[in-house]
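Input: a single structure, listed below in structure tokens.
The values are calculated or read from the model by the stated rules, or taken from the named source; none is laboratory data. These numbers were taken from a predicted model, which means no experiment stands behind them. Here the Cβ positions follow ideal geometry from the backbone for every residue, glycine too, while neighbour counts run over all protein chains shown.
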Amino acid sequence: MIRVGTRGSALALAQARLVASRIGDDAELVVISTAGDKSARPIRELGDGAFVAALEDALRRGEVDVAVHSLKDVPTADTDDLVIAAIPVREDPRDLFVSSTRGGLASLPQGALVGTSSPRRAAFLRSARPDVVVAEIRGNVETRLRKVQAGEFDATILALAGLRRLGLPFADDEVLPTSVMLPAPGQGALAIQCRTDAHLLRGRLGALDDRATRVGVTAERALLRSLGASCELALGALASIAGDLITLDAALAADGGIARFRGADRDPLELAHRAADELGLVTRAR
Amino acid sequence: MLTRDDPDLAALLMARGFSVVTLPCVRLEPVDRAALRAVLVTLAARDVLVLTSPAGVDAVADAIDLRAVPCPIAVVGRATAKRLHAHGRAADHIASAPTARRWRASFRCQAVRSSSRAPTVRSAIFPRRFARVALECAR
């Protein structure tokens with residue numbers, strides 16, 4: 001059997017089931033609880049990789065053979081003993097704006113209270129709607145939706161991919177265009193991780209890897225890494241691939257302003273470096 | 001007649017009384033670095049990176065950090081292994097001759113010896129056009 005380690009949230013389980021079904025009939029799920037799940041504190045106080053570390057430790061201890069993560073949670077630093085053996089085809093990477101009336105951002109009344117714990121979402125939302133009040137919200141997708149329904153918040157922002165994987169409905173009006181809200185680097189993609197020395201397993205997992213997704217998220221994550229690789233960074237980045245040309249859109253919010261980059265190259269790493277140079281230059285000049 | 005551009009060897013031969021005509025049959029050109037990079041960032045999902053010459057090692061080293069390559073590296077010939085070592089990475093497999101049959105036999109042999117290695121290669125990257133070997137290995 002191939003033991004697929006996952007967090008216990010409904011979304012994590014849905015993602016892990018998706019991966020397990022693609023690995024084959026011999027894959028079974030093993031639920032591991034992580035520091036991010038146990039804590040009520042905001043993710044950025046727990047440090048990068050709060051959701052990831054416990055699964056990685058389970059891989060190292062040999063308790064699981066494969067770990068499934070949301071790629072945006074996985075730190076960009078290399079690990080010698082673990083490898084992201086596959087990044088399957090990406091789901092829609094955009095964010096959703098979910099309000100109690102479910103009418104999207106346009107229908108949000110002036111001065112509304114929006115719950116998000118992501119500095120990126122908060123900064124881009126404030127830029128689009130300076131009137132709204134942003135406050136910290138914690139919990140998984142269902143908890144956040146419940147808090148909005150209960151009136152604790154007027155709205156929240158969630159990854160479209162998460163709702164789709166959970167089979168939850170949403171309207172087109174709720175999708176935030178990337179011109180308003182660029183997703184986090186790697187958002188919508190899954191990381192299938194295993195031990196570097198598990199050569200046979202890597203051969204099987206490698207078949208699930210999608211080259212276009214891998215190249216695109218590599219550019220996004222290389223940019224994040226160049227800029228300091230922290231989840232406190234209000235960075236949005238989205239790469240799209242057409243043939244061998246990679247187009248990277250990125251936006252970095254700092255000191256009340258937003259620096260934007262749009263460029264294209266065939267080399268994902270060169271493109272990321274260009275974006276980092278440009279965004280770094282603009283934000284340093286402020 | 002020297003079929004490669006090797007001034008050191010030509011000088012050595014001339015010093016020993018040979019008359020040397022150099023007629024290079026191989027010309028090295030810079031690789032398309034962007035295209036190479038776009039392939040090399042997918043190495044984590046591959047079984048092996050095959051480097052077939054010291055020049056190939058240098059080309060890949062110019063594109064990425066060879067020490068951080070997340071899959072085994074197989075090389076053809078000791079000179080290639082030595083160049084790889086100079087870039088800070090040891091070869092995981094060394095084939096003694098650049099023929100498809102020899103490479104495959106060598107890889108399989110080492111694969112069997114080291115139980116943690118995959119005995120067959122499903123997915124490999126060959127910076128040089130070495131497709132016949134790839135096909136043979138995939139069988």
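Brief remarks follow.
- Residue match in the stretch A:50-67 (condition: within 14 Å of another protein chain (Cβ to nearest Cβ) and out of contact with any Gly (no Cβ under 9 Å at 6 or more places or on another chain)): yes
- Of everything in the stretch A:89-106 that is buried (at least 19 other Cβ atoms within 10 Å of the Cβ) and either among the acidic types (D, E) or closer than 21 Å to A:A207 by Cα (or both), the residue that is farthest from the other protein chains (Cβ to nearest Cβ) is A:D95.
- Residue within the stretch A:71-86 that is surrounded by 16 or more Cβ atoms within 10 Å (Cβ to Cβ), farther than 26 Å from A:L18 by Cβ and at pLDDT 95 or above present: no
- Of A:A234, A:A275, A:A250, all but one fail to be over 16 Å from the mean Cα position of the chain (by Cα) and either over 16 Å from A:V74 (Cα atoms) or not assigned by TED's automatic domain parsing to the domain that holds A:L55 (or both); the exception is A:A275.
- Against the conditions (1) among the charged types (D, E, K, R); (2) under 22 Å from A:R94 (Cβ atoms); (3) touching a Ser or Thr at 6+ places or on another chain (Cβ under 8 Å), A:R260 satisfies every one except (3).
- Residue check: B:H93 meets all listed conditions (1) within 14 Å of chain A (Cβ to nearest Cβ); (2) modelled with pLDDT under 90; (3) out of contact with any Phe, Trp or Tyr (no Cβ under 6 Å at 6 or more places or on another chain) but one, namely (3).
- Residue among A:E232, A:E220 that is under 28 Å from A:D249 (Cβ atoms), charged (D, E, K, R) and buried (at least 21 other Cβ atoms within 10 Å of the Cβ): A:E220
- Within the stretch A:116-150, the set of residues being small (G, A, S) and within 19 Å of A:Q187 (Cα to Cα) comprises A:S117, A:S118, A:A122, A:A123, A:G139.
- Failed item in (1) free of Cβ contacts under 8 Å to residues at least 24 places away in the same chain; (2) within 23 Å of A:D80 (Cβ to Cβ), with A:A150 passing the rest: (2)
- From the list B:S53, B:S19, the one residue that fits, being away from chain A (no Cβ under 14 Å) and farther than 30 Å from A:L201 by Cα, is B:S19.
- Scan of the stretch A:253-277 for residues that are modelled with pLDDT under 95 and either in contact with a Phe, Trp or Tyr (Cβ under 8 Å, 6 or more places away or on another chain) or within 21 Å of B:V60 (Cα to Cα) (or both), ordered by number: A:A253, A:I258
Every residue, every condition in (1) closer than 28 Å to A:L223 by Cα; (2) at pLDDT below 95; (3) surrounded by fewer than 22 Cβ atoms within 10 Å (Cβ to Cβ), yes or no:
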{"site": "A:R138", "(1), (2), (3)": "yes, yes, yes"}
{"site": "A:T143", "(1), (2), (3)": "no, yes, yes"}
{"site": "A:V175", "(1), (2), (3)": "yes, no, yes"}
{"site": "A:V180", "(1), (2), (3)": "yes, no, yes"}
{"site": "A:L190", "(1), (2), (3)": "yes, no, no"}
{"site": "A:A198", "(1), (2), (3)": "no, yes, yes"}
{"site": "A:R202", "(1), (2), (3)": "yes, yes, no"}
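- Scan of the stretch A:81-94 for residues that are closer than 28 Å to A:L248 by Cβ and either touching a Ser or Thr at 6+ places or on another chain (Cβ under 9 Å) or aliphatic (A, V, I, L, M) (or both), ordered by number: A:L82, A:V83, A:I84, A:A85, A:A86, A:I87, A:P88, A:V89, A:R90, A:P93, A:R94
- Qualifying residues in the stretch B:14-29 (those that are part of a loop (DSSP other than H, G, I, E, B) and surrounded by 10 or more Cβ atoms within 10 Å (Cβ to Cβ)) - the one modelled with the lowest pLDDT: B:L28
- Single condition B:R37 does not satisfy, out of (1) out of contact with any strand residue (DSSP E or B) (no Cβ under 8 Å at 6 or more places or on another chain); (2) more than 14 Å from chain A (Cβ to nearest Cβ); (3) basic (K, R): (2)
- A:D172 vs. criteria of a type in the set (D, E, K, R) and in contact with a strand residue (DSSP E or B) (Cβ under 8 Å, 6 or more places away or on another chain): no
- Of all residues making up the stretch A:256-285, the number that are among the charged types (D, E, K, R) and more than 17 Å from A:S240 (Cα to Cα): 3
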